[in-house]
Amino acid sequence: MPVSDDHDAPTEAARPEKREALSAPGRVKDLSSVSNPIIKDIRALGAKKGRDETGLFMAEGLKLVIDALDAGWAIETLVVAKSQLHNPLLTKTAARTVALGADVVEASEKVLGVITRRDNPQSAIGVFRQRTVALDRLDLSSDGVVVALDRVRDPGNLGTILRTVDAVGAKGVILVGDCVDPFSLETVRATMGSIFAVPVSRASEGQFLGWRTKFKGLVAGTHMTGTTDYRAPDYAGRPLVLLMGNEQAGLSEPLTKACDLLLRIPQAGRADSLNLAIATGVMLFEVRRKALSL
Ligand code: SAM
């Protein structure tokens with residue numbers, strides 16, 4: 001049930017006491033203005049600065065929101081399209097959000113479109129707390145596989161890799177060095193929900209190299225000058241860190257030197273190299289071949 005209407009939002013900033021009231025947890029708010037401070041705060045999560053300052057991020061779509069809640073991610077706010085409130089799953093998810101002590105904002109489709117910069121916005125946008133894991137918490141026991149990405153820059157590549165890591169049952173992704181934000185709208189979109197299933201660690205190159213000296217499994221890098229055919233090693237039965245290079249520069253020299261093996265995917269034709277996400281997918285299905293069956 002709406003607790004306030006906010007059509008005269010341009011004056012909102014000058015009314016902090018009202019904003020305070022609107023921030024009370026577990027309430028349903030009815031907001032129709034894109035200039036409302038709550039909407040502005042959510043919109044700011046579209047930029048890295050906004051995400052870094054708050055530790056929050058957005059996930060679009062009811063399915064993603066439900067996936068996130070089921071996986072135990074902490075929701076702060078759920079924005080729902082007023083025009084879709086006849087959808088029982090949407091109202092159920094809104095009730096679940098309120099029960100968790102978070103806010104539900106009922107907004108026009110125009111507001112949802114402005115928040116996510118889309119012409120055809122989804123019926124729900126969840127605002128969640130970011131979550132990463134320490135390197136030591138990654139599950140690299142027995143035959144666990146983790147992908148380490150050297151300075152990945154493209155959100156579509158990172159999202160696709162997270163989705164593929166999820167699909168093959170690998171245990172996580174390490175972002176080494178200056179990588180694209182895994183919680184950007186574009187990355188989260190490209191993961192199709194796998195951002196909520198795959199543990200993500202962040203490490204500087206130095207931190208990764210320090211951690212690597214204690215790692216007892218296999219560290220396999222992929223490299224355009226690699227001399228081992230990627231299909232040759234037996235990957236089963238031991239933990240594996242699969243190191244993939246930057247889209248432009250490939251693997252850095254120190255990371256290349258830290259590898260036990262340098263693998264190459266043979267190519268024909270004129271292309272210099274494979275797209276990073278494609279190369280990661282080819283590698284992951286090979287290293288997990290024995291673990292996967294129909
Ligand atoms: N110009 C870069 C170079 O020379 O390394 C190309 C980088 S490629 C677009 C991005 C990453 O995908 C590479 O660093 C490598 O990890 C992986 N990759 C792409 N094609 C590959 C292949 N044929 N064999 C092994 N790794 C490959």
Practice item. May I ask you to list the lysines whose Cα is less than 30 Å away from that of K48, ignoring any residue fewer than eight positions away on the same chain? Key: K18, K29, K40, K63, K82, K110, K171
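Roughly how many percent of the accessible protein surface of the stretch 135-287 is carbon and sulfur, given a 1.4 Å probe and a whole-percent answer?
Accessible surface attributable to carbon and sulfur in the stretch 135-287 totals 50 percent.
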Revision key, fill the gap. If each K or R counts +1 and each D or E counts -1, the residues other than F196 whose Cβ falls under 10 Å of its Cβ total -2
Review point. Which ³J(HN,Hα) values, rounded to whole Hz and listed in residue order, are derived for the stretch 91-104 from phi using the Karplus coefficients 6.51, -1.76 and 1.60 in 6.51 cos²θ - 1.76 cosθ + 1.60 with θ = phi - 60°, glycine and proline given as x?
Key: 5, 5, 5, 5, 5, 4, 5, 4, 4, 7, x, 9, 8, 10
Review point. Ignoring ligands, DNA and RNA, what accessible area per residue does the chain give at 1.4 Å, in Å²?
Key: 48
**Study point:** Table column - 3J(HN,Hα) (Hz), the stretch 224-237, Karplus curve with 6.51, -1.76, 1.60, x for Gly and Pro
**Key:** 5, 9, x, 10, 9, 5, 4, 8, 6, x, 9, 8, 5, x
Revision key, fill the gap. Two pseudo-spin positions, 7 Å from Cα along C-beta at R238 and at L85, lie apart in nanometres by 6.0
**Study point:** Degrees between helix 205-214 axis and first principal axis of the chain (Cα, 0 to 90, nearest 10)
**Key:** 60
Point to revise | Phi-based couplings in Hz for the stretch 61-70 (Karplus 6.51, -1.76, 1.60; Gly and Pro marked x) | key: x, 5, 4, 4, 5, 5, 4, 5, 5, 4
Point to revise | Under-5 Å amide H pairs with L243, H placed in peptide plane, nonlocal only | key: A148, A220, G221, T222
Revision key, fill the gap. Here D for the stretch 16-129, in µm²/s, from Stokes-Einstein with a Kirkwood Rh over Cα pairs at 25 °C and 0.890 mPa s, works out to 177
Study note, to complete from the structure: For the pair V282 and K48, the simple spin-label estimate (label points 7 Å beyond Cα toward Cβ) gives in nm 2.9
Review point. Using the Cβ atoms and a cut-off under 14 Å, what net charge is assigned to the surroundings of R153, where Lys and Arg are +1 and Asp and Glu are -1?
Key: -4
Practice item. Using a cut-off of 10 Å between beta-carbons, work out the net charge of the residues near D143 (Lys and Arg +1, Asp and Glu -1, D143 not included). Key: +4
Revision key, fill the gap. Rounded to 0.05, the calculated FRET efficiency for the beta carbons of K214 and D260 at R₀ = 22 Å is 0.95
Practice item. Just check the stretch 135-287 against the gyration tensor rule for me: Cα atoms, a ≥ b ≥ c as the square roots of the eigenvalues, rounded for a/c under 1.5, and otherwise prolate or oblate depending on whether a/b exceeds b/c. Key: rounded
Point to revise | Modelled label reach - T225, point 7 Å along Cα→Cβ, the stretch 257-288 residues with backbone N closer than 15 Å | key: 257-259, 262-264
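What are the semi-axes of the equivalent ellipsoid of the chain, taken as the square roots of 5 times the eigenvalues of the Cα gyration tensor, listed largest first and rounded to whole Å?
Semi-axes from the Cα gyration tensor: 42, 18, 17 Å.
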Study note, to complete from the structure: Within the chain, the percent of DSSP beta bridges that are antiparallel, given to the nearest 5, stands at 25
Study note, to complete from the structure: Expressed in nanometres to one decimal, the distance between label points 7 Å along Cα→Cβ at D139 and A71 is 1.3
**Study point:** Beta bridge orientation in the stretch 25-128: antiparallel %, DSSP, nearest 5
**Key:** 50
Review point. In deg cm²/dmol, rounded to 500, what helix-only [θ] at 222 nm does the chain give when every DSSP H run of at least 4 residues adds -39500 (n - 2.57) and the total is split over its residues?
Key: -9500 deg cm²/dmol
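The values are calculated or read from the model by the stated rules, or taken from the named source; none is laboratory data. In this text, all values refer to a predicted model and were calculated from it rather than measured experimentally. A quick note on method: Cβ atoms are made from the backbone with ideal geometry, for glycine too, and the neighbour counts reach across all protein chains shown. To get the accessible areas, we keep the full protein, side chains included, count just its heavy atoms, and leave off ligands, DNA and RNA. Shrake-Rupley method; radii C 1.70, N 1.55, O 1.52, S 1.80 Å.
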